[in-house]
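Everything below concerns the one structure shown next.
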Amino acid sequence: MKTPYYLIEERLLRRNLSLIRSVAERAGVEIILAFKAYALWRTFPVFREYISSTTASSLWEARLGYEEFGSRCHTFSPAYTEDDFPQLLRCSSHLTFNSLSQLQRFMPLLQAYNAEHPDQRVSPGVRINPEHSHIETALYDPCAPGSRFGVLSDDLSSLSHHPSSLIDGFHCHCHCESSAEDLEDNLIYIERKFGEWFPRIKWLNLGGGHLMTRADYDVERLVRILSGLRERYPHLHIILEPGSAFGWQTGPLVTSVVDIVENHGIRTAILDVSFTCHMPDCLEMPYKPAVRECVGENCPGKVYEYRLGGNSCLSGDFMEGFLFDHELRVGETLHLEDMNHYTTVKTTMFNGIAHPAIVMRRLNGEDEVLRAFSYEDYRSRMD
């Protein structure tokens, strides 16, 4: 198949979905898909065999859940607008406000909608900020001092009436590819700061970032933590909304070497993909992707080191330190592993570079092209 393309292996996707469903059933919680990390809607028929709902962070994501996944979303946005809010109500089963000012501004509209549509009631919530997380990369930490996300416990206490008279639940997001141990510690802070309100709310959404499908994740500990939380608050409906966990290690970005250049002894293999366009988290996090064809530093025999360079005109569109047991050649295929979460939703068409196709390898081994991109896709984004 012509490169470049993102490859999703159905077998690996179902492996993740099976584990996630098992955790939900054993712990007695609900786990839903966050579109901000994975939104390949052509694969939703597989997802619907394992989960029943999704989470959205914008009107378009909410529409995707409602129209393509087939169920109303758990919706959160840093700020709602008058234009979007009526449509968000139509597409949402749960709607979380980021601030008390947004809550006060839009609650009358939500209450009016619920009065008119009692059979499609939207459950309101507020995002809380425990001011504690284990996230080391500042770009991804929603609990850092001065964060624009969530209501602090002191601000919630300042309400003239009890929060539960307005809302049904709390939403808290303080994880990013985190461990069960991180969740266990963060729950101490969440309960310490907001636990007094738990007896009078109906649901608690613990957000995303629970990377339960990672090989070294302590799944049994996660089940015990969630089961213990439910024992302490048996009336609470507990929700988790990971994104990466669903798409984790389900397939590579397949690319080809199109040129090899050398400058001051540094050899760069230029690919038909771009880090800045097609793998932005590699530069933002940053993290170095695994390449299937690479070898380790202790490889016997001669080792050849290359930078891998993207095909955009951004000078920093490269990553370095990739070792091979042979000299790369033009036309050679490389597999950049684990590129189906966040990567596919954050791509751009900067420079008008051809966008990788999206391919699914079915259980019978056949490859199905879910989407191929053309010049018209780029042109339609412009005036």
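Any idea how many residues of segment 1-32 are over 21 Å from Arg371 (Cα atoms) and of a type outside the set (D, E, K, R)? Number satisfying all stated conditions: 13. From the list Leu240, Leu166, Leu204, Leu226, the lone residue that is surrounded by fewer than 20 Cβ atoms within 10 Å (Cβ to Cβ) and touching a helix residue (DSSP H, G or I) at 6+ places or on another chain (Cβ under 9 Å) is Leu166.
For segment 54-90, which positions are among the β-branched types (Val, Ile, Thr) and either under 19 Å from the mean Cα position of the chain (by Cα) or in a helix (DSSP H, G or I) (or both)? Of everything in segment 54-90, those that are among the β-branched types (Val, Ile, Thr) and either under 19 Å from the mean Cα position of the chain (by Cα) or in a helix (DSSP H, G or I) (or both) turn out to be Thr54, Thr55, Thr75. Taking helices (runs of 4 or more DSSP H) as the structural unit, those lying wholly within segment 141-245 and holding at least 2 residues that are over 21 Å from Ser99 (Cβ atoms) and over 24 Å from the mean Cα position of the chain (by Cα) correspond to 180-194, 219-232.
Are any residues in segment 105-137 free of Cβ contacts under 8 Å to residues at least 12 places away in the same chain and either outside the structural domain of Cys73 (by TED's automatic domain parsing) or among the acidic types (Asp, Glu) (or both), and if so, which ones? Answer for segment 105-137, where residues must be free of Cβ contacts under 8 Å to residues at least 12 places away in the same chain and either outside the structural domain of Cys73 (by TED's automatic domain parsing) or among the acidic types (Asp, Glu) (or both): Glu116, Asp119, Glu136.
Here Ala269 meets the list (1) farther than 15 Å from Pro356 by Cβ; (2) modelled with pLDDT of 95 or more; (3) surrounded by fewer than 20 Cβ atoms within 10 Å (Cβ to Cβ); (4) not assigned by TED's automatic domain parsing to the domain that holds Pro199 almost entirely, failing just condition (3). Taking the condition in contact with a helix residue (DSSP H, G or I) (Cβ under 9 Å, 6 or more places away or on another chain) and not assigned by TED's automatic domain parsing to the domain that holds Glu30, does Glu284 pass? Yes; evaluated as a whole, the condition is true for this residue. All of Pro124, Pro118, Pro86 fail the test of being of a type outside the set (Asp, Glu), closer than 16 Å to Gly207 by Cα and modelled with pLDDT of 95 or more, apart from Pro124.
Summed over segment 91-102, the residues that are outside any helix (DSSP H, G or I) and over 14 Å from Ile128 (Cα atoms) give a count of 3.
Going by the conditions given, is Thr255 surrounded by fewer than 14 Cβ atoms within 10 Å (Cβ to Cβ) and under 28 Å from Ser244 (Cβ atoms)? Criteria not met by Thr255. For segment 300-353, the candidate set comprises residues that are in a loop (DSSP other than H, G, I, E, B) and aliphatic (A, V, I, L, M); within that set, the residue that is surrounded by the most Cβ atoms within 10 Å (Cβ to Cβ) is Met339.
The values are calculated or read from the model by the stated rules, or taken from the named source; none is laboratory data. All values reported here derive from a predicted model rather than from experimental measurement. Note: ideal-geometry Cβ built from the backbone for every residue, glycine included; neighbour counts use all protein chains shown.
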